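Notes follow the structure.
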Amino acid sequence: PDRYERLVACDTQPSTPAANVSAWDERIALANAKGMSELAAVTVPRWYGPGSQASAECRSWTEAMVTSTPVDGFAAGARALQSYDLINDGIIDAFASRASSHRHLLLAGEADGKLPETLQAFTTKLTQAGAAADFASVPNAGHLPMCDNPEAWLQPVLKFLA
């Protein structure tokens, strides 16, 4: 909290769901066995699901980004995403007590599975712990709402940062 005044977090969650541990193992195994191009082939369509408004350019850029990621770097990042918990490790209470004068915006694409519900609940938990937190759901967007619906994503972000 001493390093920022405002924090924006988008389409993430406060802890690793148990089911995601095996999903990350599967993604790491795929990247190791078949390369990052194969991982991109299954990841990009999941990120830009049904109803996605992302441009072909944005989809192409995302695929190139995933494909160019070193497998070892991807695996290290994936391992980190397998085992974090900001709620049950007591981090939130310590964080919220120090972050009460800072503002937080959590966003999620409305079509990103359970994330909108999860982030709304996390926003409530932060607020109850004393942090200043707001949640925004981005309509017509999935996991990358800044690509799916950039204007709808940008509106709450700019308002929050103003």
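The values are calculated or read from the model by the stated rules, or taken from the named source; none is laboratory data. What you see is a predicted model; the values in this text were computed from it and never measured. Reconstructed Cβ throughout: ideal geometry from the backbone, glycine too, with neighbour counts over all protein chains shown. With ligands, DNA and RNA removed, areas are computed over all heavy atoms of the protein, side chains included. Shrake-Rupley method; radii C 1.70, N 1.55, O 1.52, S 1.80 Å.
One table, with the values for the structure above:
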{"quantity": "Residue that is nearest to GLU151 (Cα to Cα) [pool: residues in the range 35-67 that are small (Gly, Ala, Ser) and not in a helix (DSSP H, G or I)]", "calculated": "ALA54"}
{"quantity": "Selection count, the range 33-48, where residues are in contact (Cβ under 8 Å) with a residue 40 or more places away in the chain and either open to solvent by less than 40 Å² (accessible area, probe 1.4 Å) or closer than 22 Å to TYR84 by Cα (or both)", "calculated": "2"}
{"quantity": "Yes/no for ALA108 being open to solvent by less than 20 Å² (accessible area, probe 1.4 Å) and either out of contact with any Phe, Trp or Tyr (no Cβ under 6 Å at 6 or more places or on another chain) or in a helix (DSSP H, G or I) (or both)", "calculated": "yes"}
{"quantity": "Any hit, the range 132-144, residues being open to solvent by 70 Å² or more (accessible area, probe 1.4 Å), within 16 Å of the chain's Cα centre (by Cα) and under 14 Å from THR12 (Cβ atoms)", "calculated": "no"}
{"quantity": "Number of positions in the range 119-154 that are of a type in the set (Asp, Glu) and not in a helix (DSSP H, G or I)", "calculated": "1"}
{"quantity": "Inter-residue pairs, beta-carbon under 7 Å, first touching a residue at least 12 places away in the same chain (Cβ under 8 Å) and assigned to a loop (DSSP other than H, G, I, E, B) and in the range 1-25, second surrounded by 15 or more Cβ atoms within 10 Å (Cβ to Cβ) and among the hydroxyl-bearing types (Ser, Thr, Tyr), 6+ apart", "calculated": "GLN13/THR118"}
{"quantity": "Members of the range 12-32 found to be surrounded by 13 or more Cβ atoms within 10 Å (Cβ to Cβ) and among the polar types (S, T, N, Q), listed by number", "calculated": "THR12, GLN13, SER15, THR16, ASN20, ASN32"}
{"quantity": "Qualifying residue in the range 150-160 (condition: polar (S, T, N, Q) and either at pLDDT below 95 or under 13 Å from the mean Cα position of the chain (by Cα) (or both))", "calculated": "no"}
{"quantity": "Subset of the range 80-110 [aliphatic (A, V, I, L, M), in contact with a helix residue (DSSP H, G or I) (Cβ under 8 Å, 6 or more places away or on another chain) and modelled with pLDDT of 90 or more]", "calculated": "LEU81, LEU105, LEU106, LEU107, ALA108"}
